[in-house]
Every structure is written in C-alpha cells, then in structure tokens.
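Colleague: First the structure, which I've put down as structure tokens, then a few questions once you've had a look.
The values are calculated or read from the model by the stated rules, or taken from the named source; none is laboratory data. No experiment lies behind these values; they were computed from the predicted model shown. Every residue, glycine among them, receives a Cβ derived from its backbone with ideal geometry; neighbour counts consider all protein chains shown.
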Amino acid sequence: MTPRASALHTLEIVRKDQWIPEPLQARMRAWEPRSGLGQALKEALRFLPLELAAELLERVTSCVVVESSLSLILLRWDERAGIRGIEPLGVVSRKVVTTAGVGYLVDALQNLVEPENLKYHALGTGNAAEAVGDTALQTELTTQYNPDNTRATGSTIEASATVYRTVGTNTVDASAAVVEHGILTQAAVGGGVLLDRSVFSVVNLASSDSLTSTYELTLSAGG
C-alpha cells in the first residue's frame, strides 16, 4: 500500500495596504481629516498608486476645505388649535457654495463688503440642479413671502470655532411648493450676492406656514 503523500500548506495573510512604505503609512495614520472630503480621501489613499497617494496626501493636507449644510424645520399652522405644529426635516442638502459667494468672501477680506450680510434666507420653487455658477435662485418666491418680496433675516452666530451658522424663518401668506433655498446678502428679492444654493425634496407650504432654515458653513484647515 502506497503511503499517502503529505504536503505542508501555509496561509499568508496580506494586508491591502502592505505595499505602502512605512513612512507614508505613518503619515496616513497621523492625518486626522476634519472634513467629509478628507475622510473619504483617507479611505481611498490605500487603493491608489504610491506616487499618486503621496501627492494627494500632500495636497489635501495643505488645503482649506469649505463645506455647507442646510437643515429645515416646517412650522405648520393648525387653524383649529391655533398653534404651529413642528416638523423637523433634518439635513436636506450639503451643497453648493457658489463662485460668486467665494468672490464675496475674498472682497470681505479686503474690507470691501461686510461678511455678516450673508444672512438672508431665500426660498424658491425651481428644481434645476445646483451649480457653482448660480447667482440667484431659479424661481424665488415674491408675493408668497410675508411680508411680500422680503427674505427672512437670519441670525449670525459661531456654531464652533470653524463653523458659521445662520438661522432664519420665512412665513408665507400663499401656498408654495418649495424646493430651493439660498443665502444672500440682502433682504429684498431681486438682488444680493448668492453664497449658496440648495435643492431638496419638495416642502409644500400653505398660507400661514413657516419654514425655519439653519445654514452652516464649515471651514476645515488641513483637509
């Protein structure tokens, strides 16, 4: 009877980032991203060619990342009860800061304009996708606002050391299917510099309803 041949099998576990030199791995471990973009890039670095990963890490850690978010609360008027029902809608958008808005911030650093004017909350019914080239809402409310043609004036506060927050409440005296929001530099409809435009799922407002918008602009140094 022929003896059964035996073979020695070994199992080698290979880490997906084993190919990355230790100095670069150390830099990747030490980097603590402060933005959503930075967090996504950190996850992607290990899958990139060595030279590209190193260059991307160098570039992103030298950047200031600007991100925005918009949260909404619907205040629905109950005629029978004579009170407003509160419906938090949460974060509805995370874009988009415009080229015009960035230009305004650069002008503010030269004391040519006042940055605290970026506090007027506009609503509209146009659902075209946001673009950095936007300079106004697609279809802003006019006489639906109460008072007519007047955007809500928001607060201007520091949510944290690197986060600017403005909160405004628009009330309407006519129905409106709202799908867009903007932060601008003046209360009157028809003018002002647009910092940010957001498009979201429709919020149907009836007469006497209000919509509270909380806008945050986060600036993260080092990615």
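Colleague: For segment 133-140, check the following and say yes or no: at least one residue is at negative phi, at pLDDT 95 or above, charged (D, E, K, R) and loosely packed, with under 13 Cβ neighbours inside 10 Å.
Modeller: no
Colleague: Can you name the residue in segment 106-154 that is free of Cβ contacts under 8 Å to residues at least 60 places away in the same chain and in contact with a helix residue (DSSP H, G or I) (Cβ under 8 Å, 6 or more places away or on another chain) and is also nearest to Leu217 (Cα to Cα) among such residues?
Modeller: Of everything passing the filter in segment 106-154, Pro115 is nearest to Leu217 (Cα to Cα).
Colleague: Would you mind stating whether Ala26 is over 26 Å from the mean Cα position of the chain (by Cα), surrounded by 11 or more Cβ atoms within 10 Å (Cβ to Cβ), over 30 Å from Ala159 (Cβ atoms) and at pLDDT 80 or above?
Modeller: No; evaluated as a whole, the condition is false for this residue.
Colleague: Quick check on segment 57-76: of everything there that is crowded, with 17+ Cβ neighbours inside 10 Å and farther than 23 Å from Leu105 by Cα, which residue is modelled with the lowest pLDDT?
Modeller: Selected residue: Leu57.
Colleague: Still on this structure: Which fully enclosed helices (runs of 4 or more DSSP H) of segment 30-126 have 2 or more residues being not assigned by TED's automatic domain parsing to the domain that holds Val172?
Modeller: Helices (runs of 4 or more DSSP H) meeting the threshold: 36-45, 50-60.
Colleague: Hey, another quick one. Take the residues in segment 191-223 that are outside any strand (DSSP E or B) and of a type in the set (S, T, N, Q), then tell me which one is surrounded by the fewest Cβ atoms within 10 Å (Cβ to Cβ).
Modeller: Ser207
Colleague: Using the structure shown, decide if Ala108 is at pLDDT below 95 and either crowded, with 16+ Cβ neighbours inside 10 Å or more than 17 Å from Thr169 (Cα to Cα) (or both).
Modeller: no
Colleague: Restricting to segment 60-98, give me the number of residues that are free of Cβ contacts under 8 Å to residues at least 24 places away in the same chain and closer than 24 Å to Leu217 by Cα.
Modeller: Number satisfying all stated conditions: 4.
Colleague: I'd like the residue in segment 71-104 that is touching a Phe, Trp or Tyr at 6+ places or on another chain (Cβ under 7 Å) and not aliphatic (A, V, I, L, M) and, out of all such residues, is nearest to Ile183 (Cα to Cα). Show your work before the answer.
Modeller: Narrowing segment 71-104 to residues touching a Phe, Trp or Tyr at 6+ places or on another chain (Cβ under 7 Å): 84, 92-93.
Then keep just the ones that are not aliphatic (A, V, I, L, M); that gives 84, 93.
Details: Arg84: 25, Ser93: 13 Å.
Of everything passing the filter in segment 71-104, Ser93 is nearest to Ile183 (Cα to Cα).
Colleague: Which members of segment 159-190 meet the condition of being over 15 Å from Leu74 (Cβ atoms) and not in a strand (DSSP E or B)?
Modeller: The answer is Ala161, Thr162, Asp173, Ala174, Thr185, Gln186, Ala187, Val189, Gly190.
Colleague: Also, I was wondering about something else. List, please: which pairs have Cβ atoms under 6 Å, are six or more places apart or on different chains, and start with a residue in segment 197-223 that is more than 15 Å from Glu67 (Cβ to Cβ) and end with one that is part of a loop (DSSP other than H, G, I, E, B) and among the aliphatic types (A, V, I, L, M)?
Modeller: Close Cβ pairs satisfying both conditions: Ser207/Ala174.
Colleague: Count, please, the residues in segment 170-202 that happen to be under 19 Å from the mean Cα position of the chain (by Cα) and not acidic (Asp, Glu).
Modeller: 16
Colleague: Using the structure shown, decide if Val179 is buried (at least 18 other Cβ atoms within 10 Å of the Cβ) and either in contact with a Ser or Thr (Cβ under 6 Å, 6 or more places away or on another chain) or among the β-branched types (Val, Ile, Thr) (or both).
Modeller: yes
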